[in-house]
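Report on one structure; see the data block that follows.
The values are calculated or read from the model by the stated rules, or taken from the named source; none is laboratory data. What you are looking at is a predicted structure, and each value in this text was computed from that prediction instead of being measured. So basically every Cβ, Gly included, is an ideal-geometry build from the backbone, and we count neighbours across all protein chains shown. Calculation scope for accessible area: heavy atoms of the full protein, side chains included, ligands and nucleic acids excluded. Shrake-Rupley method; radii C 1.70, N 1.55, O 1.52, S 1.80 Å.
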Amino acid sequence: MIRVALVDDQAMFRAGIAMVIDSQPDLTVVAQAGDGADAEAMVREHRPDVVLMDVRMPRVDGVAATRRLVDTFGDECPKVLVLTTFDLDESAAGAIEAGASGFVLKDTRPELLLETIRAVADGSQVMAAGATRRLFETFRSRSVRSTGPEYAALTPREREILVRAAQGMSNGEIAAAEFLSEATVKTHVSRILTKLQLRDRVQLVVYAYEHDLV
């Protein structure tokens, strides 16, 4: 069962999303909050796997709330999925930089929202890797950084898998392309994240973009 928490200042929107999520046998809404200021206490009490976080709220917005969660809970932080009205939203880019695992439009189809929640919780695939790159191309100047010793520590195979993962390929797709088992790919991805000191595969997309690897 994937435990989901909702943070949005619109009560009717939260209620609708909660109904959609709770209709699924493998998903459940464990907590709701109306502002980012309440996110930390909510996570501490209910320990969700995924937090759906509105990016724009009147007191503490989704960017600041995401940063607080990552700083407070570290490796124990739940995955944060940002909710935004616009597909190219500078605040969404800021939330991803702060540690969010992706973003989804508020008017997206319910089936896609549910698929995205599952993918983020599983961590085996980057949802909309191309959209993430477009987001950064729109709101961040293309100042390519040189790779450092952390990248040099990757093996040639790990570099290949890094690029494929940054392109949005799932573990199964990478396994087929690299003639490896999914378990081996999962191990490689875990080692890549550790060596590059990244939280998840969306941060991997950002790293690849910033260092012009894709």
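Comparison of 95, 15 shows that the only residue that is open to solvent by less than 60 Å² (accessible area, probe 1.4 Å) and under 23 Å from residue 200 (Cβ atoms) is 95. Considering only residues of segment 105-146 that are of a type in the set (Val, Ile, Thr) and at pLDDT below 85, which is surrounded by the fewest Cβ atoms within 10 Å (Cβ to Cβ)? The selected residue is 144.
Taken over segment 18-60, the criterion of being surrounded by fewer than 15 Cβ atoms within 10 Å (Cβ to Cβ) and in contact with a His (Cβ under 7 Å, 6 or more places away or on another chain) is satisfied by no residue.
Kindly indicate whether residue 165 is in a helix (DSSP H, G or I) and modelled with pLDDT under 95. It would help to see each step written out before you state the result.
Values: in a helix (DSSP H, G or I): yes; modelled with pLDDT under 95: yes.
Spelling it out, residue 165 is indeed in a helix (DSSP H, G or I) and modelled with pLDDT under 95.
For segment 168-185, filtering for residues that are more than 23 Å from residue 209 (Cβ to Cβ) and in a helix (DSSP H, G or I) leaves 6. Scanning segment 54-86 for residues that are among the hydroxyl-bearing types (Ser, Thr, Tyr) and within 13 Å of the chain's Cα centre (by Cα) turns up just one, 66.
Residue check: residue 56 meets all listed conditions (1) out of contact with any Pro (no Cβ under 7 Å at 6 or more places or on another chain); (2) modelled with pLDDT of 95 or more but one, namely (2).
Do you know which residues across segment 171-214 are β-branched (Val, Ile, Thr) and open to solvent by less than 30 Å² (accessible area, probe 1.4 Å)? It would help to see each step written out before you state the result.
Residues of segment 171-214 that are β-branched (Val, Ile, Thr), as a first pass: 174, 184-185, 187, 189, 192, 194, 202, 205-206, 214.
If the condition is that a residue be β-branched (Val, Ile, Thr) and open to solvent by less than 30 Å² (accessible area, probe 1.4 Å), then 174, 185, 189, 192, 202, 205, 206 are the ones that fit.
Residues in segment 57-98 that are within 19 Å of residue 116 (Cβ to Cβ), of a type in the set (D, E, K, R) and out of contact with any Leu (no Cβ under 8 Å at 6 or more places or on another chain): 79 alone.
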